[in-house]
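Visitor: Dropping the structure in here first, questions after.
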Amino acid sequence: MELKWTGKALSDLVRLYEFLAPVDRQAAAHTVIILAAAPRNLMAHPRLGEKLEEFEPREVRRISVGQYELRYEIQGFTMFVLRLWHTREER
């Protein structure tokens, strides 16, 4: 399986880092590292995440990474990271 990040997902990582960095740069960097690693951990079992029926017929799923939600889509042999955010954010 191949892993690809959408532009919006990459922007989410930057946004989260910029929000956390003024308080604690080291914690912000650690959070981004953990979030970036989460989809790689799914590569062996990409369907572990909860399927989101509202996106049918697309196969969009979500996982929790600590207090963050990560949404991804499976298309054939490719996993696209779509978005991620802190669960306290209003979405």
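Visitor: So, with a 1.4 angstrom probe, what is the percent of accessible area on the chain that is carbon and sulfur? It would help to have the intermediate numbers written out before the result.
Guide: Values: 3190 of 5910 Å².
Carbon with sulfur: 54 percent of the solvent-accessible area.
Visitor: Could you give the accessible area per residue of the chain, probe 1.4 Å, as a whole number in Å²?
Guide: Using a 1.4 Å probe on heavy atoms only, each residue of the chain averages 65 Å².
Visitor: Moving to a separate point now. Using the charge dipole of the chain (Lys, Arg: +1 at Cβ; Asp, Glu: -1 at Cβ; taken about the Cα centre), state which of 26, 63, 14 has its Cα farthest towards the positive end.
Guide: 26
Visitor: What chymotrypsin sites (Phe, Trp or Tyr not before Pro) in the chain are in a loop by DSSP, with at most 13 other Cβ atoms within 10 Å of the Cβ?
Guide: Loop-located and lightly packed - 77.
Visitor: Given 4 °C and 1.567 mPa s, compute D for the range 8-91 with the Stokes-Einstein relation, Rh being the Kirkwood radius over Cα pairs; round to the nearest whole µm²/s. Walk me through the numbers on the way to the answer.
Guide: On the way: Rh = 13.4 Å.
After rounding, the answer is 97 µm²/s.
Visitor: Additional query: In whole angstrom, how far apart do the alpha carbon centroids of the range 12-33 and the range 37-66 sit?
Guide: Each part reduced to its Cα centre gives a spacing of 23 Å.
The values are calculated or read from the model by the stated rules, or taken from the named source; none is laboratory data. Values in this document were obtained by computation on a predicted structure and should not be read as measured data. We place every Cβ from the backbone using ideal geometry, glycine too, and count neighbours over all the protein chains shown. For the accessible areas, the whole protein counts, side chains as well, though only heavy atoms, and no ligand, DNA or RNA atoms are used. Shrake-Rupley method; radii C 1.70, N 1.55, O 1.52, S 1.80 Å.
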